[in-house]
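> Take this structure, written in structure tokens, and hold onto it; I'll ask about it next.
The values are calculated or read from the model by the stated rules, or taken from the named source; none is laboratory data. None of these values were measured; they are calculated from a predicted model. All Cβ positions, even for glycine, are placed from backbone atoms using ideal geometry, and neighbour counts span all protein chains on display.
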Amino acid sequence: MAHFGVVAPAFYSHVNALAALAIELIERGHRVTFLHRPEAAGYLADDRIGFHAVGAATFPPGSLAAALRRAANPGSPWGLRRVIDDMAQTTAMLCRELPAALESLRIDAILGDQMEAAAGLVAEATGLPLVSVACALPVNREPGMPLPVMPFGWGEDERSLRMVEGSTRVYDWLMAPHRRVIEAQARRLGVPVRGMLHECLSPLAQISQTTASFDFPRRQAPAHFHHVGPLRHAPRAGTQHPPLPPVAADRPFVFASLGTLQGHRFGLFRRIAQACRQLDVQLLVAHCGGLTAQQALALQGAGATWVCAFAPQQEAVARADAVISHAGLNTVLDAIAARAPMLALPIAFDQPGAAARIRHAGIGLRASPRLASASGIARRLHRLLHEPAFGPRLDALATDLASAGGTPRAADIVESTLRLRPTQAATA
């Protein structure tokens, strides 16, 4: 059996997805250890997963919370540049410290999140096999494919192709601080120089939480790229979760969440609550600890039926007649699985790209989180609740998701790629 080292950004959603894969591998007899700054250990709730701290000297206590605040609300272009600098500093630290840590832990292979270039650079430098995992939208590039962070749709007309080309140039310019760090660390590690995330992916196996039907048409994906659907794992026996509130059957039920980084956006939640009041629908808001008790009460006064920090999301989405979210990939995939149409309010990272794919697939609508009024949200929500066209499209995508294989198939791919057992990974 193998000992896997996991290298990923210190974001809860990424760690949570990779933890599901880790648990599946552990239950098959392997060992799995996450390696990151000390504070990232708090994301791991299952004590079967190992954690090895690196970077304590450069990332003191409190630094992760500060970085998450900047990522959640970068504000100005200078704020965005600071977020990119945070990414660059993390990559530099991991490239410096991972080789010795991997050797001391006797790691056999690396599971690397696509969003952390250090996984690919260090794997190549140390000769360890790498499996890349796209916990967010895949960063794999090909001509005419909008980048995951871009808000516009896919098209083959000249205007669409120009938009892809121009937006990619702007993105690459903005990411220059990160590119320079990747280039410098590649030189230091003695591997061929490259500078972008998509140049640091595994040549052996790449796993994505998406399905082909929930993406723009990919025509040049490598043969070792696998759509497996959501990486989830059943909770351990005895794990306690808050119950779903008593939803009445005689009125529509809407679930709203903006994820772990954006749950502080009281003004947006208030407009959502006001919209639901206009439509006389039941609304459950999960703010992931981002709001105060006073703000939660104010949301109930504005129209929310229930407000909580954390809800049993998969259960809530499965019960919902519609979902309002920031278009974080995990929430989107849960909604597809539950056949719940979505109102996407994308804020950052790959959320604009996920929202564009929601529209492309015809499974929901999009609105601006900054500009949409309560009435505008209500109009879109009314369409989601009453227009029949969303249902058949969701049925098709949910069927694809159910057959994608999920966490067990991802583990099969890992084991088959590394020849750890005679497991046959299904084709992508």
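> Given the conditions (1) touching a strand residue (DSSP E or B) at 6+ places or on another chain (Cβ under 9 Å); (2) part of a loop (DSSP other than H, G, I, E, B); (3) surrounded by fewer than 20 Cβ atoms within 10 Å (Cβ to Cβ), which single one is not true for LEU201?
(3)
> Are any residues in segment 116-133 of a type outside the set (D, E, K, R), touching a strand residue (DSSP E or B) at 6+ places or on another chain (Cβ under 8 Å) and not in a helix (DSSP H, G or I), and if so, which ones?
Within segment 116-133, LEU128, PRO129, LEU130, VAL131, SER132, VAL133 qualify.
> Mind telling me which of the residues PHE51, PHE34, PHE11, PHE4 ends up being in contact with a Leu (Cβ under 8 Å, 6 or more places away or on another chain), hydrophobic (A, V, I, L, M, F, W, C) and surrounded by fewer than 21 Cβ atoms within 10 Å (Cβ to Cβ)?
Result of the check over PHE51, PHE34, PHE11, PHE4: PHE51.
> To continue, here is another question. Of these, ALA348, ALA378, ALA396, which one is surrounded by fewer than 22 Cβ atoms within 10 Å (Cβ to Cβ) and either part of a loop (DSSP other than H, G, I, E, B) or modelled with pLDDT under 95 (or both)?
ALA348
> What tally of residues in segment 42-75 results from selecting those that are over 16 Å from LEU98 (Cα atoms) and of a type outside the set (Lys, Arg)?
21
> Follow-up. Is there any pair linking a residue in segment 191-204 that is outside the structural domain of LEU137 (by TED's automatic domain parsing) to one that is crowded, with 16+ Cβ neighbours inside 10 Å, with Cβ under 8 Å and at least six apart or on different chains, and which?
none
> Hey, another quick one. Please pick out the residue among GLN220, GLN278, GLN274, GLN262 that is among the polar types (S, T, N, Q), out of contact with any strand residue (DSSP E or B) (no Cβ under 7 Å at 6 or more places or on another chain) and assigned by TED's automatic domain parsing to the domain that holds PHE152.
After ruling out the rest, the residue left standing is GLN220.
Here's the yes/no breakdown for (1) in contact with a strand residue (DSSP E or B) (Cβ under 7 Å, 6 or more places away or on another chain); (2) aliphatic (A, V, I, L, M); (3) in contact (Cβ under 8 Å) with a residue 24 or more places away in the chain:
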{"residue": "PRO77", "(1), (2), (3)": "no, no, no"}
{"residue": "ASP85", "(1), (2), (3)": "no, no, yes"}
{"residue": "ALA100", "(1), (2), (3)": "no, yes, no"}
{"residue": "CYS135", "(1), (2), (3)": "yes, no, yes"}
{"residue": "PRO143", "(1), (2), (3)": "no, no, yes"}
{"residue": "LEU161", "(1), (2), (3)": "no, yes, no"}
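> Here's something else I'd like to know. Looking at the structure I just gave you, is ARG236 at pLDDT below 95, outside the structural domain of LEU80 (by TED's automatic domain parsing) and basic (Lys, Arg)?
yes
> Which residue pairs have Cβ atoms closer than 6 Å, lie 6 or more positions apart in sequence or on different chains, and pair a first residue in segment 166-183 that is part of a helix (DSSP H, G or I) with a second residue that is surrounded by fewer than 16 Cβ atoms within 10 Å (Cβ to Cβ) and of a type in the set (D, E, K, R)?
Cβ pairs passing all conditions: PRO177/ASP85.
> So for segment 95-111 (the condition being loosely packed, with under 15 Cβ neighbours inside 10 Å, modelled with pLDDT of 95 or more and either touching a helix residue (DSSP H, G or I) at 6+ places or on another chain (Cβ under 8 Å) or assigned by TED's automatic domain parsing to the domain that holds CYS288 (or both)), does at least one residue qualify?
Yes, segment 95-111 contains at least one residue that is loosely packed, with under 15 Cβ neighbours inside 10 Å, modelled with pLDDT of 95 or more and either touching a helix residue (DSSP H, G or I) at 6+ places or on another chain (Cβ under 8 Å) or assigned by TED's automatic domain parsing to the domain that holds CYS288 (or both).
> Any chance segment 146-158 includes a residue that's in a helix (DSSP H, G or I) and farther than 18 Å from GLY195 by Cβ?
Scanning segment 146-158 turns up at least one residue that is in a helix (DSSP H, G or I) and farther than 18 Å from GLY195 by Cβ.
> Cβ-Cβ under 6 Å, sequence separation 6+ or interchain: first residue in segment 43-63 and more than 18 Å from LEU111 (Cα to Cα), partner part of a loop (DSSP other than H, G, I, E, B). Which pairs?
From segment 43-63, the pairs are GLY55/ARG37; PHE59/ARG37.
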